[in-house]
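Values in this text are rule-based calculations from the coordinates and carry no lab data. Keep in mind it's a predicted model, so treat the numbers as computed, not measured. Here the Cβ is made from the backbone with ideal geometry for all residues, glycine too, and neighbour counts use every protein chain on show.
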Amino acid sequence: MVQLKYIKRVVLALSNSPVYGGQAQLEGVMFGGKEHTITAIRRNDDSIDYYHFKKVQNPILQKLKKIPLVRGVVALIESAGLGSRHMQFSGDRYDVTPGEEEEHKEEGSRLQMILGVAVVGILSFLFGKFAFTLIPVFIADFFSTWIEGKTGQILLESGIKLLLLLTYLYFISLTPLIKRVFQYHGAEHKVINCYEAGMEITVENVQAQSRLHYRCGSSFMLFTVFVGMFLYFFVPTDPLWLRILDRILLIPVVLGISFEVLQATNACRNIPVLRFLGYPGLWLQLLTTREPKDDQVEVAIASFNMLLQVEQQPEIAATLNHD
C-alpha cells in the first residue's frame with residue numbers, strides 16, 4: 001500500500017508543472033523557463049556564444065496550457081517552434097569563426113523565408129508525426145494475409161512503429177554530428193538533475209548526475225507508441241481508409257495522453273512503488289543520450305546560469321543575440 005505521504009507528493013508534483021526544460025543543439029544546449037529561452041554554444045575558437053528568445057505570452061495559449069490533454073499538444077507545438085529558432089542559431093554559428101558569420105551564413109530555403117523558421121519547425125514536426133503514424137499502418141496491412149484480426153494487426157502495427165523508432169535512433173546515433181548532439185543532450189539532463197537535487201551547479205557535481213531524466217522528450221516518443229496501441233483497440237482497423245482516418249484523427253489524442261503520462265511518471269519518480277513506470281522511457285534515453293565531456297558540460301552550465309540571470313535581470317537579454 002502506497003503511504004499517504006507519497007500520494008501527497010504525487011498530487012503536489014502533478015499540480016506544479018516543471019519550470020525548466022531544455023533541448024540539445026549543435027555544439028550547445030538550450031534551456032527554457034517560464035518567459036525566456038537561452039542557448040549557449042561552443043564556437044570554433046573555444047568561446048561561448050549565447051542566443052536569447054523571449055516566449056510569446058499569448059493569453060489564449062496560456063489558458064490552453066492549463067487544460068489536461070490539450071496542454072500537451074500546445075506545449076509540443078510551442079517546443080517545435082522554439083527549438084527551430086535555437087537550432088538555426090546554433091547551426092549558423094557553431095563552426096564559424098566569430099566575426100565571419102555573415103560571410104559563411106548559408107541562404108535559408110525559400111520556404112523558411114516565406115513562412116519563418118518557427119513555422120517550418122512546426123510543419124516538420126507534424127510531417128514527421130504523420131509519417132511515423134501512417135507508415136506502420138501500410139506495412140501492417142501488407143501482412144494482413146498472414147496476420148489477421150484486429151488484435152494481431154494492432155500489435156503488428158505497434159511493433160513496427162517501435163522497431164522504426166529504435167532503428168532510426170540507433171543509426172543516426174552512429175553519425176559523429178548526432179553523437180555530439182546526444183552528448184549535449186546528456187549534459188542537459190545532468191544539469192537539470194543537479195539543479196533539481198539542490199546541488200551547486202559545478203562541472204564535478206553535474207558529471208556525477210545521471211544522463212537520464214524522466215521528463216525527457218525521448219520518453220515521450222516511446223509513450224506515444226504504447227498509448228496509441230491502447231487507443232487503437234477502441235476504433236476499427238477495417239477497411240484501410242477508415243483505419244488511416246482513425247490514426248490521423250487520434251494523433252492529437254495520443255500526443256495529449258502521452259504528455260500526461262510523461263508528467264505523471266516524472267511526478268512518481270521518487271516513489272519506490274511507482275518509479276518503474278518511467279523505466280521504459282529511461283531505457284530509450286540510453287540511445288538518445290551519451291556521456292558528455294567536461295567542456296560540453298561547461299556549455300550546458302553556461303546556458304542554464306545565463307537563463308537564471310536573465311530571469312532575475314531581464315535587461316541582460318539585450319546584450320545577447322536575439323530576434
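Structural remarks
- Val56-Tyr168 FRET efficiency (beta carbon distance; Förster radius 25 Å; 0.05 resolution): 0.20
- Take every pair of alpha-carbon atoms less than 8 Å apart whose residues are at least six positions apart; their mean separation over the length of the stretch 20-322 yields a relative contact order of 26 percent.
- Exceedance of the 19 Å cut-off in Cα-Cα distance is limited, within the set Lys54/Lys293; Lys190/Lys293; Lys34/Lys54, to Lys54/Lys293.
- Counted charge near Lys34, where neighbours are those whose Cβ lies closer than 10 Å (Asp, Glu -1; Lys, Arg +1): -1
- Stretching the chain fully between Asp45 and Thr175 yields a gain of 44.5 nm (0.36 nm per residue, less the alpha carbon separation).
- Cβ-placed point charges (K, R +1; D, E -1), dipole of the stretch 151-290 about Cα centre in debye, nearest 20: 280
- Relative to the Cα centre, the charge distribution of the stretch 20-322, modelled as +1 at Lys and Arg Cβ and -1 at Asp and Glu Cβ, gives a dipole magnitude of about 1200 debye.
- Spin-label pair Asp238/His322, simplified geometry with 7 Å Cα→Cβ offset, distance in nm: 6.0
- Approximating the spin labels as points 7 Å out from Cα along Cα→Cβ, the Ile139-to-Asp246 distance works out to 2.0 nm.
- The C-alpha radius of gyration of the stretch 153-254, expressed as a fraction of 2.2 N^0.38 Å, stands at 1.45.
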